[in-house]
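*Asks:* Here you go, one structure.
The values are calculated or read from the model by the stated rules, or taken from the named source; none is laboratory data. Here the structure is a predicted model, which is why all the values come from computation and not from measurement. Positions of Cβ are generated from backbone atoms using ideal geometry, with glycine treated the same way; all protein chains shown enter the neighbour counts.
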Amino acid sequence: MKRVILSIAVIAVLGLTSCKNETKKETETTTIEMSKDMAMTELSFGVRGNCGMCKNTIEKAANGVEGVASANWDVDKKKIDVSFDDSKTDAMAIHKAIAASGYDTEKVAGDEEAFNSLPSCCQYKHDMIMNKSGEEKSDDHSNHDH
Ligand SMILES: [Cu+2]
């Protein structure tokens, strides 16, 4: 009878131990995921462009920079959202890569030769307002004279 009680006690202890281990593992995984997120720098800045083709060119240029995880250019706001690993690259490298593809950014003017070889529909106006907020866009619309 004592043996039975003892083995039940052993099973109970083992059960508790394995539960504790599982909890610990979960905590560790969460910590690793969090530190990965923290290493990524989010950046938004203005980039001039006209259309979906511009979007492809701009995003391709940004994604071509080593360390860039994602790039999304907004055709309405003339703005790009970039996520990058700041141990591998920096904001200026991304501005320069986009400018080299022919597009103006807030900090670097687009390469003239690359601009001239863009399809004519993509040859945006150099005085175009970039990095517009959503609010400004709706203001523009209400100011139209019909
Ligand atoms: Cu275009």
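*Asks:* Just checking, does the range 68-87 include any residue being more than 16 Å from residue 106 (Cβ to Cβ) and in contact with a Phe, Trp or Tyr (Cβ under 7 Å, 6 or more places away or on another chain)?
*Replies:* As a first pass, look at the range 68-87 and keep what is more than 16 Å from residue 106 (Cβ to Cβ): 68-70, 72, 75-76, 83-87.
Retained after the next criterion (residues that are in contact with a Phe, Trp or Tyr (Cβ under 7 Å, 6 or more places away or on another chain)): 68-69.
Scanning the range 68-87 turns up at least one residue that is more than 16 Å from residue 106 (Cβ to Cβ) and in contact with a Phe, Trp or Tyr (Cβ under 7 Å, 6 or more places away or on another chain).
*Asks:* Right, next: I need the full set of residues from the range 44-55 which are surrounded by fewer than 17 Cβ atoms within 10 Å (Cβ to Cβ) and within 15 Å of the chain's Cα centre (by Cα), in order please.
*Replies:* 44, the sole residue that qualifies.
Quick grid of which residues meet (1) in a loop (DSSP other than H, G, I, E, B); (2) within 16 Å of the ligand (Cβ to nearest atom); (3) modelled with pLDDT of 95 or more:
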position	(1), (2), (3)
35	no, no, no
62	no, yes, yes
73	no, yes, yes
98	no, yes, yes
102	yes, yes, yes
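*Asks:* Identify all residues within the range 37-60 that are of a type in the set (A, V, I, L, M) and modelled with pLDDT under 90; write none if there are none.
*Replies:* Once the filter is applied, which keeps residues that are of a type in the set (A, V, I, L, M) and modelled with pLDDT under 90, the range 37-60 yields 38, 39.
*Asks:* Here's a follow-up. For the range 79-95, how many residues are outside any strand (DSSP E or B) and either touching a strand residue (DSSP E or B) at 6+ places or on another chain (Cβ under 7 Å) or closer than 10 Å to residue 62 by Cα (or both)?
*Replies:* So the count comes out to 6.
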